[in-house]
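Asks: Sharing a structure, written as structure tokens. Questions coming.
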Ligand code: GUN
Ligand code: FE
């Protein structure tokens, strides 16, 4: 048993922070047992790890990120989604046919996820099997958790990114055989049809069958951009909405599912998300950079829809999920300024979305309640601090002003994760 001593903060519910000043977080075998002010029986059999004065908070979860777009982070933001994909994103992703290139970019990506305190993520790779395998191996070596998807796509893209259905099935099966066996593994495959415009009905069907056959989760994009949605209406004239098109192919909650964006999701599509327990990955920086719109996060919360935050590199330019919390609040305030009927998001709400709500995708992750896996960050905010801040003001200042320099320790499933090497 270990006891981590410090100022412990987390969100059990979305409207309130739990704050334990100068307390002990007891962890056994990587699992949280309890939080106590004093150690039981003098604490003889317990190893104390002393982080007195520091903040101990749940680690971050990034629910939507494209590892192969890492080199495009912070550039090429002058176009909307469809031309952005064609002009910048597909040419960059084509380079991942070359494993040596993938190794260079992916090892930096994994190192920087670590830096930002993101211990679990749900990641798009590219259509290339070998590079995807490399990314999974890098995550495994790091000790951090990730669902990694080999992207499936076979239309509306350059030939270099097109696969045949047979190839898609064969390569997905190979990755599942290699990484899909152990239930408790930290790195796992996820079925990843890029989005409806990139996949023929036959490929979408094949993806749905693979997910069902191996009980694998699914990730994709939904209702991000109005031109994209018009294209989907043309391609899927018989579907009631974009979400329904995925549903038809077994890709919308038949197994655990994450859909990125949902900027324009309303009405029946919102009901379908809710009824199928689909998680929304809200990506506020991407939605601004690609001029996609302002997602209706408050109505997702009011409808008890599962939600997490995503950096969506490189539509998004920020890897830090702390920054994402700030942008989520700010975009909700812009929405509110034009429609006062729904309140903007609060700090505890976005913290809960990023940690406990997102964490449900990985199991019992994202909180410090008993039974949760110990995924945690230790923050030394003394450089940001003046004597008289409350613990919650210190957390707020770290979220708004802090960065990786203030993150002293990172834990995933109870293990301290050291800096992954860059290849
Ligand atoms: N829709 C399909 N592919 C992508 C992508 O790479 N990024 C974003 N933001 N949306 C997409
Ligand atoms: Fe995306």
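Asks: Looking at 291, 295, 245 in this structure, which one is within 16 Å of ligand 1 (Cβ to nearest atom) and either over 27 Å from residue 89 (Cα atoms) or in contact with a strand residue (DSSP E or B) (Cβ under 8 Å, 6 or more places away or on another chain) (or both)?
Replies: 295
Asks: Any chance the range 88-99 includes a residue that's touching a strand residue (DSSP E or B) at 6+ places or on another chain (Cβ under 7 Å) and either away from ligand 2 (no atom under 16 Å from the Cβ) or in a strand (DSSP E or B) (or both)?
Replies: Among the residues of the range 88-99, not one is touching a strand residue (DSSP E or B) at 6+ places or on another chain (Cβ under 7 Å) and either away from ligand 2 (no atom under 16 Å from the Cβ) or in a strand (DSSP E or B) (or both), which makes the answer no.
Asks: Further question on the same structure: Taking the range 196-208, which residues are surrounded by fewer than 23 Cβ atoms within 10 Å (Cβ to Cβ) and within 15 Å of ligand 2 (Cβ to nearest atom)?
Replies: Across the range 196-208, the qualifying residue is only 197.
Asks: Got at least one residue in the range 237-257 being within 16 Å of ligand 2 (Cβ to nearest atom) and not in a helix (DSSP H, G or I)?
Replies: Within the range 237-257 (the criterion being within 16 Å of ligand 2 (Cβ to nearest atom) and not in a helix (DSSP H, G or I)), the answer is yes, since at least one residue qualifies.
Asks: Another question, if that's okay. Being within 21 Å of the chain's Cα centre (by Cα) and without any contact (Cβ under 8 Å) to a residue 12 or more places away in the chain is true for just one of 293, 363. Which residue is that?
Replies: Working: 293 fails: without any contact (Cβ under 8 Å) to a residue 12 or more places away in the chain.
Unique residue meeting the criteria: 363.
Asks: Given 354, 358, which one is away from ligand 1 (no atom under 16 Å from the Cβ), in contact with a helix residue (DSSP H, G or I) (Cβ under 8 Å, 6 or more places away or on another chain) and closer than 16 Å to residue 259 by Cα? Don't jump to the end; show me each part of the working.
Replies: On the way: 358 fails: in contact with a helix residue (DSSP H, G or I) (Cβ under 8 Å, 6 or more places away or on another chain).
Exactly one residue qualifies, and that residue is 354.
Asks: Could you tell me whether any residue of the range 281-291 is crowded, with 21+ Cβ neighbours inside 10 Å and away from ligand 2 (no atom under 14 Å from the Cβ)?
Replies: For the range 281-291, residues crowded, with 21+ Cβ neighbours inside 10 Å and away from ligand 2 (no atom under 14 Å from the Cβ): absent.
Asks: Of 413, 342, 397, 405, which residue is at pLDDT 95 or above and at positive phi? First the steps, then the outcome.
Replies: Details: 342 fails: at positive phi; 397 fails: at positive phi; 405 fails: at positive phi.
413 is the lone residue from the list that is at pLDDT 95 or above and at positive phi.
Asks: Considering 228, 224, 236, which residue is over 23 Å from residue 324 (Cα atoms), crowded, with 20+ Cβ neighbours inside 10 Å and in contact with a strand residue (DSSP E or B) (Cβ under 9 Å, 6 or more places away or on another chain)?
Replies: 228
Asks: Just to be sure before I move on: is residue 271 away from ligand 2 (no atom under 16 Å from the Cβ) and surrounded by fewer than 18 Cβ atoms within 10 Å (Cβ to Cβ) in the structure I sent? Steps first, answer last, please.
Replies: Working: away from ligand 2 (no atom under 16 Å from the Cβ): yes; surrounded by fewer than 18 Cβ atoms within 10 Å (Cβ to Cβ): yes.
Yes: the conditions hold for residue 271.
Asks: Can you run down the residue pairs with Cβ atoms below 7 Å, 6 or more apart or on separate chains, where the first is in the range 203-227 and over 24 Å from residue 285 (Cβ atoms) and free of Cβ contacts under 8 Å to residues at least 60 places away in the same chain and the partner is more than 16 Å from ligand 2 (Cβ to nearest atom) and part of a strand (DSSP E or B)?
Replies: Partner pairs satisfying both residue conditions: 216/189.
Asks: Looking at 345, 377, which is the one that is closer than 26 Å to residue 391 by Cβ, out of contact with any strand residue (DSSP E or B) (no Cβ under 7 Å at 6 or more places or on another chain) and buried (at least 22 other Cβ atoms within 10 Å of the Cβ)?
Replies: On the way: 377 fails: out of contact with any strand residue (DSSP E or B) (no Cβ under 7 Å at 6 or more places or on another chain).
Exactly one of 345, 377 is closer than 26 Å to residue 391 by Cβ, out of contact with any strand residue (DSSP E or B) (no Cβ under 7 Å at 6 or more places or on another chain) and buried (at least 22 other Cβ atoms within 10 Å of the Cβ), namely 345.
Asks: Same structure again: Scan (1) crowded, with 17+ Cβ neighbours inside 10 Å; (2) within 14 Å of residue 216 (Cα to Cα); (3) away from ligand 2 (no atom under 16 Å from the Cβ) for the single condition residue 120 breaks and write down its number.
Replies: Residue 120 satisfies every listed condition except (2).
Residue by residue, here is whether (1) in contact (Cβ under 8 Å) with a residue 60 or more places away in the chain; (2) within 25 Å of residue 149 (Cβ to Cβ) holds:
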{"site": "263", "(1), (2)": "no, yes"}
{"site": "275", "(1), (2)": "no, yes"}
{"site": "283", "(1), (2)": "yes, yes"}
{"site": "314", "(1), (2)": "yes, yes"}
{"site": "325", "(1), (2)": "yes, yes"}
{"site": "328", "(1), (2)": "no, yes"}
{"site": "343", "(1), (2)": "no, no"}
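Asks: Given (1) buried (at least 16 other Cβ atoms within 10 Å of the Cβ); (2) closer than 18 Å to residue 69 by Cα, where does residue 191 come up short, assuming only one miss?
Replies: Against the list (1) buried (at least 16 other Cβ atoms within 10 Å of the Cβ); (2) closer than 18 Å to residue 69 by Cα, residue 191 comes up short only on (2).
Asks: Return the residues of the range 255-268 that are away from ligand 1 (no atom under 16 Å from the Cβ) and either closer than 27 Å to residue 75 by Cα or in contact with a strand residue (DSSP E or B) (Cβ under 8 Å, 6 or more places away or on another chain) (or both); say none if nothing qualifies. Outline the logic, then answer.
Replies: Of the range 255-268, the ones away from ligand 1 (no atom under 16 Å from the Cβ) are 255-256, 266-268.
Matches in the range 255-268: 255, 256.
Asks: While we're on this one: Any idea how many residues of the range 246-268 are over 21 Å from residue 205 (Cβ atoms) and over 17 Å from the mean Cα position of the chain (by Cα)?
Replies: Taking the range 246-268 first, the residues over 21 Å from residue 205 (Cβ atoms) are 260-268.
Within this subset, residues satisfying the condition of being over 17 Å from the mean Cα position of the chain (by Cα) are 264-268.
Qualifying residue count, the range 246-268: 5.
The values are calculated or read from the model by the stated rules, or taken from the named source; none is laboratory data. This is a predicted model, so every value here is computed, not measured. No Cβ is skipped: glycine too gets one built from the backbone with ideal geometry, and neighbour counts run over all protein chains shown.
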